[in-house]
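**Q** The structure that follows is given in the form of C-alpha cells.
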Amino acid sequence: MRSTLALVALLAAAAALGGCSLTDSGTNLVNGKEQFVAKCGSCHTLARAGTTGVTGPNLDEAFQRARIDGFGQDTFEGVVHRQILHPAIRPQFDPDTKKQLPLMPANLVTGEDAEDVAAYVAQAAAKPGEDSGALAQVGAAKAEGTAEAKDGVLTIPADPGGSIAYQFADAEAPAGQLEVRSPNESSTDHDIAIEGNGVSEKGEIVKNGGVSQFSVDLQPGEYTFFCTVPGHREGGMEGTLTVK
C-alpha cells in the first residue's frame, strides 16, 4: 500500500497538469461503493463507506488537505484510478512498528469497476456527512446481535460482503468442548481466533466459501473472538464470547 504522504504527492503532481480532466463521465457510484467495500475496505478507512481498514492509508486523512485547498473532483478520481492500476511495488513500513505492510495487489478491481471505485472514492473521501439516496443503501456491514452455540457448535460467519466484520457482535456458549466455526463467503481473507483465561486458539485463514474452525475446551468466563489477519482486529473485527 502506498503511504498517505505518497497519495498527497500524487495529488500535487496531478494538480500540476493544469486542471485537465483525468477521468471520463458515466461511472456508476453505487457499484463503485459496493466494489470499494468488498475489495478495498479491509485495508482503508473511508467514513462514508463505513470501512475501517488500517493497513492502508486512511483515505479521508489522505485527501483532506487537498479538498480544503480546492483540488477538483477529476484530480481525485484520476489519482485513485492510477493507484488502482499501478499499485506500489516497493515495500512499505508502518512508521510506528517498523513492520512491513501488505502491498496492494494488482488487478484488485479492473475495467469499469476500477473506474467506478475511483469515482466513488473521489466524491466521498474527506467529505463530511453521509451518503444519501441509492448510495445510502450500500456500505460496510456492522456486526449485530449474539451468536448462540447449538449442539456444541458455535458459528460466527464473516460478513459475506467483504467487510472487516463478523455477522455477530458477541456470542454465548455453555462451558465444555466447543467447535468454533466461521464461514467466509467473501473474497477477503478472514479467520477466527479466541483468547482469554489462558486459552489461545485459531482457525486457518480462508475465503471464497472456506470455513475457519477449531475445537476448544472452555471454562466459564469471558473470552475475545477476533480475526488475526493483519489490521482486521484493529479495524473492529472482534467481539466477546461469554461462556456459562
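The values are calculated or read from the model by the stated rules, or taken from the named source; none is laboratory data. Quantities reported herein were computed from a predicted structural model and do not represent experimental measurements. Neighbour counts run over all protein chains shown; Cβ positions are idealised from the backbone, glycine included. Heavy atoms of the whole protein, side chains included, go into the accessibility calculation; ligands, DNA and RNA do not. Shrake-Rupley method; radii C 1.70, N 1.55, O 1.52, S 1.80 Å.
**Q** In this structure, does Phe214 turn out to be modelled with pLDDT of 95 or more and not in a loop (DSSP other than H, G, I, E, B)? Please lay out each step first, then the result.
**A** Details: modelled with pLDDT of 95 or more: yes; not in a loop (DSSP other than H, G, I, E, B): yes.
Against the criterion (modelled with pLDDT of 95 or more and not in a loop (DSSP other than H, G, I, E, B)), Phe214 qualifies.
**Q** Let me ask you something else. Residues in the range 183-211 that are in a strand (DSSP E or B) and of a type outside the set (Asp, Glu): how many?
**A** Within the range 183-211, residues that are in a strand (DSSP E or B) and of a type outside the set (Asp, Glu) number 12.
**Q** Residues His81, His86: which one is more than 21 Å from Asn28 (Cβ to Cβ) and open to solvent by 40 Å² or more (accessible area, probe 1.4 Å)?
**A** His86
**Q** So which of Val117, Val121, Val153, Val180 ends up being free of Cβ contacts under 8 Å to residues at least 60 places away in the same chain, out of contact with any Lys or Arg (no Cβ under 6 Å at 6 or more places or on another chain), open to solvent by less than 30 Å² (accessible area, probe 1.4 Å) and of a type in the set (A, V, I, L, M, F, W, C)?
**A** Val180
**Q** Moving on to the next point. Given the options Thr75, Thr45, name the one that is among the hydroxyl-bearing types (Ser, Thr, Tyr), open to solvent by less than 50 Å² (accessible area, probe 1.4 Å), more than 17 Å from Val109 (Cα to Cα) and at pLDDT 95 or above.
**A** Result: Thr45 is the single residue among Thr75, Thr45 that is among the hydroxyl-bearing types (Ser, Thr, Tyr), open to solvent by less than 50 Å² (accessible area, probe 1.4 Å), more than 17 Å from Val109 (Cα to Cα) and at pLDDT 95 or above.
**Q** Suppose we filter Gly161, Gly129 for residues that are part of a loop (DSSP other than H, G, I, E, B), on the phi > 0 side of the Ramachandran plot and open to solvent by 20 Å² or more (accessible area, probe 1.4 Å); which single one remains?
**A** The unique qualifying residue is Gly129.
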